[in-house]
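These notes concern the structure reproduced below.
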Amino acid sequence: MKKNNDKNSLKIALENLYQHCDLSHLSFNTTADMGKDYPHLGQERAMDALKFGIGMKHDGYNLFVLGSTGLGKNTTVKKLLAVESVTAEPPSDWCYINNFSQHHKPLILKLPPAYGSKLQHDMLQLLDDLLVAIPAAFESEEYRTRAQAIDDEYKQKEISVFKDLSDKAEKKNIAMLRTPGGYTLGPVKDGKVLSPNEFDKLDEKEQEEIKKIVDEIENELIETIHKLPLWYKENRERIKQLNLEISELAVNQFISELAEKYKDLPEVINFIDTVKIDIVENVNAFRKYGAEIEAGSNNHQMILSAFSKYQVNVLVDNSETEGAPVIYEDNPTYLNLIGRIEHIAQYGTLLTDFTLIKAGALHRANGGYLVLDARKVLMSPFSWEGLKRAVHSHEVRIESLEKMLSLASTTSLQPEPVPINVKVVLTGSRLLYYLLKQYDPEFGLLFKVAADFAEDIERNDENSELYAQLIAGLQKENELIPFTKNAVQRIIEHCSRLLEDSEKLSLHMGSLLDLLREGDYWARQDDRQEITEDDIQKAIDTRRYRLDQIRERVHEQVIRGNYLLDTSGEKVAQINALSVIQLGDYTFGRPSRITATARLGQGKVIDIEREVKLGGAIHSKGVMILSSYLANRYAKDQPISLSASLVFEQSYGFVEGDSASAAELCALLSALSEVPIKQNFSVTGSVNQYGEIQAIGGVNEKIEGFFDICNTRGLTGDQAVVIPASNIKHLMLREDVRAAVEANRFAIYSVQTIDQMMELLTGKAAGIKDEDNHYPQATINYRVQKRIDQLNKLRRSFDDGDVKKHSFARKNEIKT
Amino acid sequence: MKSKHKNILIVFDASGHTTVSMRIATELAVKMQAGIHALYIEDNNLLNAVELPFTREVSLQTAAKSHIDSASMMQKFRADAENIKRQIEEMALTHRVSLSFSSMRGQKVQVIKNRTEEVNMVFIPATFSTRTGKQQMYKRHEIILVYEDDSPSSQKSLNIALSQAAKKNYQLIIFVNTDQSKQHVDKILRQKGKHATCQVADFSSLDEVILLLQKHTPALLVLPDDSSLVQDEKNLNKLINFLQSDILLVR
């Protein structure tokens, strides 16, 4: 066994258990003394990437801002874009107008900023004016006279042709008689049509003459009737021409004014010309509705909706936009991104037209920036594909989902696509970024710039000072009361603890801001004008308290003896291992008992957690490493005839991680050597095949978890935790733990090898092989080696069928 | 038959009619607090004509020629009469006007002449010698009154024409045959505070008058039953067949 001096050398010094922050060299008393500007601490790489991505105007240089939630990605992007966008020219307005040749394919109209709403207003005004002017023109004496003249001319022509024919027939003693469907002809004598008898009495010649005349007149009648549609058409054409002339007179004065106003915009002029032609062609509608208005109809809105085809649907109005637009779409559904075609219900039917086309975020962000949460985009059906399609093709094509999925075959609108020039900024987790990169071939082409936000920065004097500036800036930005210097120091220390690393500072702005706000709350509760260290501590403690119920219950179970855990005495093959339980963003340590058994077998260490599928892959890997370790150290030249079982006692949930592998190895070595392990120790650490102890996570919580149990039961002074030496830099322990260590009522040891750990746990020397490749007698390794050799012999004797002999021999060996 | 109550006789035949005419007649009946007797005339001349072996009907819509006999013409008469009856009954019910309906065989003008004595007014709905007549009818905003002398029937006619024009906001044109009559009518108009256009026309040439009327083709032509224009059956027949206006004969 090694000497006590060696044991003490493994004890971690008090100053290494916590790294205090010292800002005494800074001149401020409270953060009120500091400026409001704060640096983008530790995010230089991300900032450079963002600036690069924003500056690059080529295709595909869209950004993916990656990093965990709460790093301040959105805030940083927002601030940066606000600066970058302000100098840009405001983008164009976009409007949808009717396509007069294909109504189901509305046209897009690009206008200078603020012109969209102007044109919309002017078109409504035009409608108002024409609804008065056109009916007035058609009510004019001039129009009536001219129309009447055309009608009269036609009427006279039509009547006279029948009358002439009737007169002609009459002269030849033939009557032209109206029937319900047309005309019939009959011979007349004394004003009466001859009856058949009277006709029969006529001589044959007369009869033939009558028939001949009837035939002639009939043919003329037919000829006349054939002419009627042509005359009628001619009449309608003349009336139409007159209407056209009158309409143009009425419409021209208003259209000319409008055209003059937009003379510099050829597309608008083109639209106005098309509108003019359509109005002139459909002038009767203006006459009808104009008459209604004149008659006092108060349904002006309904009347205007009848002329919706002349209106302008302002899809994007940039009249009040300063610089390039920066759009944040919190709910990036397909429709919210791409836009939608809405419908109105009318008499049980859904109707739509171009005025019901609504813009999506891509339209609003056209000429600027669109910031989206990548996860939300991916979670919204079809949004990701829609976004990629738009970014790739530089145009937004509004297409209803039901049509896209072929769920509806009804005719719907096919609006002309809107050309877009948008810089898309996606924010999301690192995992999401790499998954997209791996599985979506288009992603890399469209999002070429990754702005990777750092999770932490090195904790040194310079960065601590910058961190203090950050706290001061956030305090002012969020209108919190000032923080004292001690409070700032405590915050910085806590930010190290959040990271589980005394040499690092967390850049998690969300957590930091929460702490600042909660500190502010507690200071205000006590009517203080400054936030002190106590307020920060209270914020930390109360936050822990709010989430602490489960930890208390687990702790209680141990104290009440429901979970078996010894904190004193010695036991063979039994060890206290430290694990952490993570519940959301709250983590606490829980000591667990691990036991091991060893017997004759075929070199397999059974992980019972794995056997029942309660062990994760990493945990299983840790256990399998143990087999390798045993074989490598104790049975290099022979098969190892050992079967061992390891179990987390009273563990009913999933176990993951390899931080208990060192503890498991210790239990196994104890089982093999039959050297008892001190139960006042609890250990953590993973082990490799060579017995080196490796760093683990959650070291602070693990230590505090065991400390809390010991503290409740009563600290004896020999209770301790053994951790990997590489974890010392992660220590940021609670004050009560540090106080107990300072008072020698609790200890924390660090080890680098499994031998060091076994020596601490058993108080016996591990043993190093001598020149003859033998471990010194009575050492742990000697006993382990011996036992493995025995098992090998026993195995061989099984193979030879001489079990009894070797069984007896083993009994004697153990006694020695 | 002469009733104590006022009566309006409406005469229909196979010439084709519109519900507009029926409505005018019905509204007139309401105004006059009169009952309506609708009479459908199955024209003897037409029946004689279709019994002749060589007679054909020429369709006004398609100009197609087809053979027609008396049986099928009777069927057409019945169907036409039934249709008219249904329409006018509906109209009378809406306006709460008493209505009787009958059919008879005869010659239209003769029947009108014979029955004028029995009623206060005879309403002859417009017939359409042309295919587009019905369409044109809806556009007319004129009433024409022929005022020849100061007879009671002329005065009644004037009152009715004025009231119809005012009610429908139509322009009333009054044709008189002498300057004296014009002065007289103008005076009446001034007294009544009404506005109408009064024109002097030469009534000696009936053909000219008919042409003048045809040029206007008013919505309603009001004639006193003693007007010289309707004394000759031939002229009345021409008016009915080629004017394409509703005609009201007032006693």
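In percent, rounded to a whole number, the relative contact order of region A:19-138 is 12, using alpha-carbon pairs under 8 Å and six or more apart.
Counting only GluC sites (Glu not before Pro) that are in a DSSP loop and have at most 15 other C-beta atoms within 10 Å, tell me the longest site-free stretch of chain B.
B:119-251
When all alpha carbon pairs of chain A are counted in 10 Å bins from zero, the resulting P(r) reads 2, 10, 13, 12, 12, 11, 9, 7, 6, 5, 4, 3, 3, 2, 1, 0, 0 %.
Charging the Cβ of each Asp and Glu at -1 and of each Lys and Arg at +1, and nothing else, the dipole of region B:11-161 about its Cα centre rounds to 460 debye. Between the residues B:Gln33, A:Leu401, A:Gln469, the greatest Cα displacement towards the positive end of the dipole of the protein assembly as shown, with unit charges on the Cβ of Lys, Arg, Asp and Glu, is found for A:Leu401.
Computed over the protein assembly as shown, the per-residue total of -39500 (n - 2.57) for DSSP H runs of n ≥ 4 gives a 222 nm mean residue ellipticity of -15500 deg cm²/dmol, rounded to 500. A Cβ-based charge dipole, computed about the Cα centre of the protein assembly as shown with Lys and Arg at +1 and Asp and Glu at -1, lands at about 2920 debye. At a Förster radius of 35 Å, what calculated FRET efficiency corresponds to the Cβ-Cβ distance of A:Val86 and A:Glu479, to the nearest 0.05? My answer for the efficiency is 0.90.
Taking chymotrypsin sites (Phe, Trp or Tyr not before Pro) as exposed when DSSP calls them loop (any state but H, G, I, E, B) and at most 15 other Cβ atoms lie within 10 Å, what is the longest stretch of chain A free of them, the sites themselves excluded? All intermediate terms of the calculation are to be shown ahead of the outcome.
Numbers: sites that count: A:Phe100, A:Tyr347, A:Tyr652, A:Phe654, A:Tyr690.
Answer from the scan: A:348-651.
Exactly which trypsin sites (Lys or Arg not before Pro) in region A:237-287 are in a DSSP loop and have at most 14 other Cβ atoms within 10 Å? Here the sparse-neighbourhood loop sites are A:Lys263. Label positions at A:Val572 and A:Met624, each projected 7 Å from the Cα along the C-beta direction, are separated by 3.1 nm. For B:Thr62 and A:Phe100, the FRET efficiency from 1/(1 + (r/R0)^6), where r spans their Cβ atoms and R0 equals 41 Å, is about 0.65. Based on the Stokes-Einstein relation at 4 °C and a viscosity of 1.567 mPa s, and on the Kirkwood radius from alpha carbon pairs, region A:464-600 is assigned a translational diffusion coefficient of 74 µm²/s.
Taking region A:605-649, which trypsin sites (Lys or Arg not before Pro) meet the DSSP loop condition and have no more than 16 other C-beta atoms within 10 Å?
The qualifying sites are A:Lys613, A:Lys636.
If you fit an axis through the alpha-carbon atoms of helix A:661-673 and take the longest principal axis of the Cα set of chain A, what angle between them do you get, 0 to 90°, nearest 10? Approximately 30 degrees, to the nearest ten.
Taking the Cα centre of region A:632-770 as reference, the dipole from Cβ charges on Lys and Arg (+1) and Asp and Glu (-1) amounts to some 180 debye. Mean projected area of the Cα convex hull of region A:27-90, taken over all directions, amounts to 6.6 nm². Bridges between two residues of the protein assembly as shown, per DSSP, are antiparallel at a rate of about 50%. How far is helix A:803-815 tilted off the main Cα axis of chain A, in degrees rounded to 10, range 0 to 90? Tilt relative to chain A: about 70 degrees.
Computed over chain B, the quotient of the alpha carbon radius of gyration and 2.2 N^0.38 Å is 1.02.
All other residues whose Cβ lies under 15 angstrom from that of A:Tyr563 are scored, Lys and Arg at +1 and Asp and Glu at -1, for a net of +1. Measuring r between the beta carbons of A:Lys11 and A:Ala778 and using R0 = 35 Å, the FRET efficiency lands at 0.90. Between the helical axis of B:70-95 and the longest alpha-carbon principal axis of chain B there is an angle of about 40 degrees.
Each residue, A:Asp514 and A:Lys78, gets one label point 7 Å from its Cα in the Cβ direction; the gap between the two is 1.8 nm. Toward the positive end of the charge dipole of the protein assembly as shown, with +1 on the Cβ of Lys and Arg and -1 on the Cβ of Asp and Glu, the farthest Cα among A:Ser305, B:Leu46, A:Thr427 is that of A:Thr427.
Comparing A:Ala660, A:Asn632, A:Val675 along the charge dipole axis of region A:614-688, the residue lying farthest to the positive side is A:Asn632, per the Cβ-charge model.
Each residue, A:His121 and B:Lys31, gets one label point 7 Å from its Cα in the Cβ direction; the gap between the two is 5.1 nm.
Since every read-out is calculated from the coordinates, none of them should be taken as a lab result. The model shown is predicted, which means the values in this text are computed figures rather than measured ones. Every residue, glycine as well, gets a Cβ built from its backbone with ideal geometry; the counts of neighbours run over all protein chains shown.
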